[in-house]
Every structure is written in C-alpha cells, then in structure tokens.
Amino acid sequence: MSIINTLREKMGRLLVVIVGFSILAFVLTDLATNQNLFGGGARNVGEIDGEEISQEDFAAMVDNAMRSYGYPSGNPQLTQYMRDQVWQNLINQVAFSNKLQDLGLEISDNERVDMVQGKNLSPVMQSFFNQYLGSTEPVAVKNFLANINMYGPDAAYYFSNAEAQAINNRQREKFESLLTKTLYVTLAQAQQQYSSQFAFADVDYLHVPFSSVSDDQIGQISDAEISSYLNAHEDDYTVEESKDVEYVSFPVVPSAADSAMYSQQMAEIKAAFEDETTNDSTYAISMTEQGLGFNTYDPSALPNSLANNLTTLNKGDIVGPELQNGIYTIHKITDIVPSENAFARASQIVFFLAGKTPSEQSSVRQTARDVLRRINNGEGFEALAREYSDGQFSTSGGDLGWIRDTDAKVADVKDEVFGARRTGLINRLIERNDKIYIVNVTQTSIKNRYKVAQVIVEMVPSYETSNDVYLQAAEFAANVSNTEEFRDYAANNGYSVFQGTKIGKDAMSIGRLENARQIVTWLYGEASIGDVSDFDLDGEYVVAVYTNETEEGVQSVDDVRAEITEILKNEKKAEFIKSKLGGLSGTVSEVAAAYGPEAQVFSNQSVKMDDNSLGTLGFAPEAIGAANGLRTAGQKAAPQVVEGSGVVLIQLNSRTEASDLGDYTLYENELLQQASNRIVQNLLNAITEKIEVKDERYKFF
C-alpha cells in the first residue's frame, strides 16, 4: 500500500489536475462530435445525473491518468485507486458543471488570459506548461502558444483540454468563494475558542465499570427489546450488498525438482566464478536477473553478506550462493581498490538533552553513566541500545553500519570513530550538540572500495510445475458443481477450505487473496448462489463457490443480536449504577466508600474543553463537557455514561479560567478556517447528494 499512501500524501492536488485532464479530454471529444457526453450502449460502467459513462471511455480515462503519472499498467491496487479517483472526479465535475450552468457564473476574457497565459497561471496550466516546456516563464509560454504546432500533433488538443479544465476549476472556486465570503465569527466565539484551549478544571472523578454489574442484576435482554432498538437505529445498521464465498487455493510454487535445478544452476555459476579464465564482470552481467551484475561499491553500499565480513574478505573470494525468500545470490570480489574516503563501522547509544530542564539533563547524564557502567560490566551493547537510545538507530541495536567519514549521522563522534586504532567500546561519555553518546567501534577505519560481480536469480516454478498445479485445480473444479459437492470433495481429498465474507462490490481482496478482483467481478456478474468457478490469480489457482449474499438495507436481528444485546446490557447497567449512586451523598471519595470496592476514584488536574478523553477511560466527550460546566469547588455533575466503559461521577476541586487575551484575531481566523473547510466539503456533499449516481463498475473491473 505504500505507493497508494504516497499518492495521497504528496500528489493530492496534482492528482485532481491530471485526472481532470483525463476526463476532460473525453468530454470535449464527445461534445465536438455531437455525441452523447459519455457514449451509450449496454456496456456502461454507470450513470451520473443522467449522463451514461461507457466502459470504453472510462477505461481510457483511467489509462490516460496512469500514463500522465508515468506508471505502467499491471499494478492492481494502483489501477483500482486510479479508477476510484477518476470516478469520484467524474461525479464532482458533472455535479458542479450542472449547478454552475444554473448559476451563470462566468470567467471574463481578461481573467481567462491571465490564468491561462498571464502572470497568474492556474495550477492546471502550470502543470501543463511544466509537462510540455519544463517552465512557466511568460516568454516560454508565449513562444509555445505562437508555435504550438511545432510541439506535436496533440499539443493544441491537450492545451484546449487544460484551458477548459482551468476555467472549470476557476468557476468552482468562485462558487466556493461565494459561500465562504458569508462566514463570520463573533468576538464571543473567538473568546470561547481561546478559553476551550486554555481554561481547565481540576477534578476528582469516581468510575464504576459496567463489568461490576452482573447480568443477573439487570435481567435478560428480550428479542422485543433488540427489535425495538434496531428499529430506532436503522441508520446505524444499514449495510451495502455483499457476497460470501468459500475457496480452495492451489499455490504455484517451485517444486523439489525446481529447487534442485536452481541449486545445480547456482553451483555452475559458482564454478564459472572459480574458473580463472572467466571474465567475471561480463559473465555476471549476462547471468544476473536483477541488479547491475557488476559494479564498484563503497563498504556502506555492499550487501550484508559482504559488509558483515569485510575484514576477512580478499580479492577473488566468493560469497554464496545464498538463498533467501526464494532468491539466490552469489558474489565475487574481483578487486579491492583505494578510496578517497575513509569508512568505519560503529554502534552508538544516544541520549537527547535538547528541550530538557537542567534537572532533567542531570538525570539523563546519570542514566548515561549507568548504561556505560553496565556495558563495562558485561551487559550487551545492542540490548541496552534498544532500551535506552534515542533516535532512529535504537531499533537496530545502535548499529550504524559502515559509515563514510563525511556522513552527517556521525558528525558528532567522527573523531572518536575514525581515530580509533582498535575495535571496542570508547570508555567515556561523549557530549556534543545537546546529545550524549556512548560509542562502540566495531570495525576500524579503512580506505577501500570493492569491485563486485553479482548474480541474482529468483526461483520460479517451471512450466511443468505450473501445469501440474493447474491440473489439480481443474480436476477439483470439474468434480464439483454446488456448495455441498465443493465441501465434500475438499474434505474427502484433504483440501483446506477458506472463507471470504461480506465481500463488497469494490473489494480488491478476499480473505488471504490480495488481488481478487476476478472473483469479485464474477460474484457481481453472472454468478448465482451455489455456482463454482476457477480463477488464475497471481501465483496461484483458486476454485471458489458462491455461498451466500446479503441484500442492501437494514441488517436482520440475527445479524446484530450480539452487538445490540451488549449495548442494551450496558444501558441497563448504567441505569443500575446511576440509581445506586443517586442514593448516596458526600464527596466522590465518600460516595465511593459507600458504594463499595467497585467504585474507584481518580484525579485529573487539567481537564480542558478541547479534550475528548478522560484519563484511562478513553473517549468521553460528555464527561469532559460536564467537568467544564462546573464552576464551584466541591460541586458535582450528574453521573455521566462513558460508552463501553461505565459511569463516572465528577467533582470539581478548582477551575482556572484563561487570562484575558485582548486580541483574539488568531482564534477568529482559526474558526474561520475551520468553517471554510467545512463549507467547501459540505458544498461538495450537498451537490453530489442531489444527483443520482448509478455505479456499475464492478461488472467490468
């Protein structure tokens, strides 16, 4: 998922631009040819506000967006992510386009020129010119427009698309501005915002957990009560349509014969490396399946199998073959040459002093001295680094690996590391730049680079192995035609059956199957309950049977019985606890003593209105509100229910009000920004909710 997260975090704005290009290109094409906006026919992926979207056009939009990023096809997760982005942008564009036309918002000629080729280029045009010219300088832009035909046959076409998209975006910005300009924050609201962040209450609170009340004390929960609760909370128990399957997987992995073949191949490669007549670099380049085959490396860039043994390796040494995660590697050191830089290896334990008071810094220094003493007494450096070290290297036991003398990560201890004449602990604390270091030199300084021939070969199943697995899956599928036969055949032949439940239309995975769109499309396509089908997924064959479906709507009582029963039990337990507390008086400590050992008293000296949790009780907004509503010392709030936890009784010890600030502009602006963000999102939601969207992409992708 890392590539998806990267897109979300770093390319959110650009994604809208590129997807907009992709959509607009097809919209303009259809308009120019006087066709239906998105085409027609039976092969439609959906309909947005009456506009049909054909499968062909939608697939082309996604492909165009993928190409705009420079990403190749073949990554299922990325492709599905792009499909979702294109679809959502289609909804937004169609919805806004219709509303903007109704409002009559226009872009003047001067504004159009300025945003398309003037000093205030829109983000869309900036992206376009950067893509075509690598520049947004006015001279370059004007030269491009004057000679647009020289930039290829599609340049004018894509420029028109970008221009139209920029205008569309500007209209939308005006629409949003029309609403955000109406926002207003009063002085009282700004003062309240400030107070919620800086005023606080010092409270004691009594907590009685639900678990202290037995089920016998509240009685049974009846079906009628469950049904009544479900009817009153239908919106909370509405589900989308979903499907259930059972499946048997036939992984395609290298067989014993395949493993033996690869082992023999690597032995032959090693023999070739051992042959002095072999041109190692040429041979490695021709044989490796991954990597460069031959290169010159600093110690810090070598693979671990070499880096961890540099002091014993010599020219001509061969390391491997080694097998890890299905990949064979073998290395030969063909030469060792001088380096301009020095390299050493060390581990460190670092203690941060920055931001600490003098007293805290003194405590840190004492801890560092204790750790150094424990190392000298024989305790492991790595374990102590994991326990005590600050910074990024604590998880590696303090190991810095091979480091260059110019590396910033050792700047504070460079002299000690590279000046060491022998390995071992530097038996003193090193304090520099608000940090304290304990350093262990594991390899002294060298000035070498290494020429390495490297062959990497991934073990993959042979054709014979793949075919054998396919025949097993085919035999299974041929012998079953419904759910009962599927289960019986699997049980009789020793196959493990896996389940996939609540599979939605947009699901990418099913159980342990990560790329299962084929199965999802089948379930929501021609399949009926009891049907069996086989699938060729990445690295495995799968035979699946469609076992059940859940229709869109409110869940049945049986489906939610356990969940609602627990909710109703807690409601009754809350009333039981409140009733018992209601008969008691005094401070919360006195009430707790009278209630019994189930009631525990806690303190919190700084409860702010901005908080949402209370101590270890977790999310408790009602309790926070009650605490901040108290004004007189000794005053108690009414008992509050903390969802999933119990009941709390809060008593105020003291309240500290926020001092008068004088100027509350900062908080006015904070509230205005929050309101502006909400209004833009609410605007989008309101408009898209007013249009009818029929999403049938699941039938095709």
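Bear in mind that the values in this text are calculations on the coordinates, not laboratory data. For clarity, every value in this text was computed on a predicted model and none was experimentally measured. Counting neighbours? That spans all protein chains shown, and the Cβs are built from the backbone with ideal geometry, glycine included.
As a proxy for reagent exposure, E52, E575 were ordered by neighbouring Cβ count within 10 angstrom, fewest first; the result is E575, E52. Within segment 221-247, which residues have the backbone N less than 18 Å from the label spot 7 Å out from A491 along Cα→beta-carbon, could you tell me? 246-247, by backbone N distance to the label point. Sorting 242-248, 80-86 by their mean Cβ neighbour count within 10 Å, with the most densely packed peptide first, gives 242-248, 80-86.
Placing unit charges on each Cβ (+1 for Lys and Arg, -1 for Asp and Glu) gives the chain a dipole about its Cα centre, and among N548, S195, I446 the Cα reaching farthest toward its positive end belongs to I446.
A simple charge model with +1 on the Cβ of Lys and Arg, -1 on the Cβ of Asp and Glu and nothing else charged puts the dipole of the chain at about 3280 debye relative to its Cα centre. Could you tell me whether the chain comes out rounded, prolate or oblate from its Cα gyration tensor? Rule is a ≥ b ≥ c as square roots of the eigenvalues, rounded for a/c under 1.5, then prolate if a/b exceeds b/c, otherwise oblate. Verdict is rounded for the chain.
Modelled label-to-label distance, Q265 and N377, 7 Å Cα→beta-carbon offset: nm? Taking the simple label geometry, Q265 and N377 are separated by 5.5 nm.
Separation of segment 590-620 and segment 117-179, taken as the distance between their Cα centroids, equals 59 angstrom. Separation of segment 281-319 from segment 649-671 is 64 Å, based on Cα centroids. Applying the criteria of a DSSP loop state and at most 13 other Cβ atoms within 10 Å to the trypsin sites (Lys or Arg not before Pro) of segment 157-215 yields K181. Counting every other Cβ atom within 10 Å of each residue's Cβ, V410, V253 order from fewest to most as V253, V410. One decimal place: the segment A686-A478 gains 69.7 nm when fully extended, by the rule 0.36 nm per residue minus the C-alpha distance.
Here r is the Cβ-Cβ distance between D49 and T136 and R0 is 51 Å; the resulting FRET efficiency, rounded to 0.05, is 0.90. Taking Cα centre as origin and charging only the Cβ of basic (Lys, Arg, +1) and acidic (Asp, Glu, -1) residues, the dipole magnitude of segment 341-411 rounds to 140 debye. Round to a whole angstrom and tell me the spacing of the C-alpha centers of segment 346-391 and segment 470-493. For segment 346-391 versus segment 470-493, the Cα centre distance is 61 Å.
Look at the alpha carbon pairs under 8 Å that are at least 6 residues apart: their mean separation over the length of the chain gives a relative contact order of 22 percent.
Report the FRET efficiency, 1/(1 + (r/R0)^6), for Q126 and I148, where r is their Cβ-Cβ distance and R0 is 30 Å, rounded to 0.05. Calculated transfer efficiency: 0.95.
In the chain, the DSSP-assigned H stretches of four residues or longer account for a calculated mean residue ellipticity at 222 nm of -14500 deg cm²/dmol, using -39500 (n - 2.57) per stretch and the full residue count as denominator. Evaluated with a Cβ-only charge set (Lys, Arg +1; Asp, Glu -1), segment 254-460 carries a dipole of roughly 980 debye about its Cα centre, given to the nearest 20.
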